[in-house]
Structures are given as structure tokens and as C-alpha cells.
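Coordinate-derived values only; no laboratory data. Just so we're clear, the structure is a prediction, and the values are computed from it rather than from any experiment. Using ideal geometry, Cβ is built from the backbone for each residue, glycine included, and neighbour counts are taken over all protein chains shown.
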Amino acid sequence: MFDFLKKNDKVAVKKKALTNTLGIDLGTLNTVVAKPSGDKFDLYKIPSVVAVKKEDSSYVLAVGEEAKSMLGRTPEDIVAVRPLRKGVIESIAQAEALLVYAMDKGSGENTESIDRIVIGIPGDASEVEKRAVEEIGRKAGASYVLVISEGLSAAIGTGLPIAEAAGTMVLDIGAGSSDIVVISLGGITDIETIRNGGDDIDKNIVEKVKDIYSVEIGIHEAENAKIKVGMVHSSAEVENITTNAIGKSMETNKPKKVEIDSKLVADAAEPIVKKLIEALSLVLERMSPELISGVYNKTVVVGGTSQLKGIKERIYEEVGIPVEISDDPMTVVAKGAAIVAAEPRALEPEVRLKAMK
Ligand SMILES: Nc1ncnc2c1ncn2[C@@H]1O[C@H](COP(=O)(O)OP(=O)(O)OP(=O)(O)O)[C@@H](O)[C@H]1O
Ligand SMILES: [Mg+2]
């Protein structure tokens, strides 16, 4: 954990022992809960899916794994949906059910015992969205709820030196949205969010397979293939490997097996990669020379989609920044949030200044 957190002040450490805290990454695809436990975390990963009654979408029947298994397979009167789309809350009632479920898991079904939760949401979330998430957390029983940008949370979770003046940068390439966040002195100095991520790649794979083979595959088949053979175009030597998917022939309506290779995935990912590079270029254009060297030395890529092969090389080729891919890309936001929940003063200016001494 951070040195500045440890040495910061003894009162805070004492208080920490008395409080029950959680960090939550409310993601489009996955919601991750991190509960500090000694100097480690207990982690819970919950699919961001709820099953609701068709005629009353605020009537929640199942959450998480159970709801996920219903996706696309529900009886007529039930639908399984994601409460967040492109990182934004689509339905408050459904997001509330998901958050309550996450808090239940993290607190051992004792949400009343939670003193503090910190929740990471996309950097460009509106004030209304932020307040909605805070409200949900409070309604669920937490006495103190703080909502912070996923990017800042990811930076803290990866152990980047956020309190330093030199500057660091985080790219979080998720399922529904991707954030680029520049941080210096513990605060966000610049941010660019695109509402695109791995979900869009899956959709493009479905379209490509339709065009090439006249076969319609399910979105999960597309995602699985992407995870197995996925890469992005780059000059890196990535082997072109192949996997199979089963879909429905548009000509015969019969099941048909198709081959999906890394190149097809890279083609499907290209529009998203281009948008990401554009956003990154904008951030670099705006960046002051004072921050450039810090960012050059310390930029980390997180989020599930950062695992596509060749992404590190492609970013370097396009914008000249050597990035590091997090070896823990899908839980760092929750971990960072948990660190802030355990010590909210980590974000206060005087703590940042102390840390510089
Ligand atoms: N090995 C992998 N290779 C490529 N993509 C992957 C891999 N593993 C997971 N993904 C993709 O990562 C995405 C999920 O990442 P993550 O959990 O960071 O998203 P999220 O936080 O739920 O979404 P968001 O931050 O956009 O709200 C999905 O699109 C998933 O298909
Ligand atoms: Mg995320």
C-alpha cells in the first residue's frame, strides 16, 4: 500500500481498525467489490446483470450470476438486463438492486455494518448520475458514500504515485466505456472518456461473422472468441490463432460452425482502437510539458479490454508513450476505491502535500 497512507497519521490508522469499509467498481459488465483485509483484499466479482419482470422492469427477481445465466434464455415474462449501459446507469431501481447485492456480498450480508463505501464510476458521469449512485449507496445502508472517478481509483489501485507532482496517466479500457485520466498531486488534471469498449468489439465481431459467413452468432460466442484469440493491429509479432464459434446459418437456419481468427478480432476492434488513440492524442495535445515526462515514465493500462494482444505496442507506435499493462486489470478500480474507503483523507490536499515532503 501507499507509504504516504501508512505514515500519514496514527489517528486515521486507529480509526481504520474500527470501521468496516468497502470499495466498489460499478462496471458495465462486472461489478467488483473489494474489502480490505489486513494488507490484502477480499474480492467479489458479480456480473452486472439483473433479471426483472417484463411488465415491471423495477421488479427485480435475480441479481448477478443467477441473472446472467438467464440472459437470452428467460421465459416470456422475465427479462435479464444490465443496469448500466456504456458505463451509465440505465435504470436506478436495477442499479440499486445490483449495488445492494454487491454490498451484501462484501459485508457478509450485513450492510448495516458498513461505515464507508467508495464507488468508482466513469469519469464523465454527470452530477445527476453521481448523486444517484451516492443516494443508492446510502439507501442500502452505508453511512458514508463517496463516488470517485474510476480512473483515479484505478491509479490508486495500481499503486501509481498519484500524490507526486510529476504526473501519471491511466487508461481504463472497459466493456462499455474507456477512460483516460491524467493525475498529478492526487487530483485529476485532465480526463477524456469515450463510451466505447469491449462490448462494441463483440458487436463488431457478430457483424463481421455475418458478412463473411452469413452466420449469426450470439454475443457471448463473440466475446468468448475475442477473449481466446483477441488482438489489435500493431507491429508486434502476435501469432494469428483461430477458434470456433457456433451460430445460426442465415441461409438454412441450421446451426453452423465458423472460424474466428485473431485478425478478424483485430478488424472488429479497429474502430474502437482508433477512437481510443484519438482521445489519447487529444489528452497529449492539452498536456503541459511539466507533466509529459511523468506520464512517459508512468502510464498504466487497466480494464478487461487491455488484455487484447498488441495493445501496448500499438499505443507506443501511435503516441510514443511506453505503457504498462496492469497484471490485475479487472480489480484495480475496486481495490483503489477500497483504499480510499479505508482512508478518505488520501484524497485531501494537505495529505498530498505531506506526501511530497
Ligand atoms: N482476456 C481478455 N481479452 C480481451 N478482452 C477481455 C479479456 N477478458 C475480459 N475482456 C473484456 O473486458 C471487458 C470487461 O472489462 P471490465 O471488467 O474492465 O469492464 P467494466 O468495468 O465492467 O466496464 P466499464 O468500465 O466500461 O463500465 C469485456 O468487454 C470483456 O469481454
Ligand atoms: Mg470499469
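Scan the chain and note any complete DSSP helix (H) whose C-alpha atoms cover at least 27 Å along its axis and whose Kyte-Doolittle average is 0.5 or more. Each step should come with its number before you reach the end.
On the way: long enough: 262-286 (34 Å, 0.58).
Within the chain the helices that satisfy the rule are 262-286.
Of all DSSP beta bridges located in the chain, what percent are antiparallel, nearest 5?
On the way: 44 of 62 bridges.
In the chain, DSSP labels about 70 percent of beta bridges as antiparallel.
Gaussian network model of the chain, Cα springs within a sub-10 Å range: biggest mean-square fluctuation belongs to which of Val133, Val170, Val319?
Among Val133, Val170, Val319, the largest mean-square fluctuation in the Gaussian network model of the chain belongs to Val319.
Which Cα, out of Pro289, Val181, Thr252, lies furthest along the positive dipole direction of the stretch 160-327 (beta carbon charges, K/R +1, D/E -1)?
My answer, from the dipole projection, is Thr252.
Hey, in the GNM for the chain with a 10 angstrom Cα cutoff, which one of Asp267, Asp199, Asp77 fluctuates hardest?
Asp77
Run the helix sum for the chain: -39,500 (n - 2.57) per DSSP H stretch of 4+ residues, divided by residue count, reported at 222 nm to the nearest 500 deg cm²/dmol. List each step's numbers first, then the result.
Working: 13 runs with 144 residues, N = 357.
The per-residue figure over the chain is -12000 deg cm²/dmol.
For the chain, modelled as a Gaussian network with Cα springs under 10 Å, which listed residue fluctuates most, Glu127, Glu192, Glu223?
Glu127
By average Cβ neighbour count within 10 Å, what is the ranking of 173-186, 231-244 from highest down?
Values: 173-186: 25.3, 231-244: 15.3.
Descending mean neighbour count gives 173-186, 231-244.
Near Lys53, which aspartates and glutamates are there with a Cα under 15 Å away, not counting those fewer than 8 places off in the same chain?
Glu66, Glu76, Asp77
Counting only residues 5 or more places away or on other chains, whose amide H sits under 5 Å from the amide H of Asp42 once H atoms are built in the peptide plane?
Here Lys35, Ser37 satisfy the definition.
How many angstrom separate the Cα center of the stretch 193-266 from the Cα center of the stretch 39-109?
One Cα centre to the other: 26 Å.
Restricting the calculation to Cα positions, tell me the Rg (one decimal) and the Dmax (whole number) of the chain in Å.
21.0, 71
Would you pull out the residues with amide H under 5 Å of Ile325's amide H, same chain only if 5 or more places away, H placed 1.01 Å from N?
Val301
Inverting the mean 1/r over all pairs of different Cα atoms, compute the Kirkwood radius of the stretch 160-327 and quote it in Å.
16.8
Give Lys263/Lys312; Lys68/Lys263; Lys210/Lys312; Lys208/Lys256; Lys45/Lys228 a once-over and call out the pairs whose C-alpha atoms are over 24 Å from each other.
Working: Lys263/Lys312 17 Å; Lys68/Lys263 29 Å; Lys210/Lys312 30 Å; Lys208/Lys256 15 Å; Lys45/Lys228 20 Å.
Violating the 24 Å limit, Cα to Cα: Lys68/Lys263; Lys210/Lys312.
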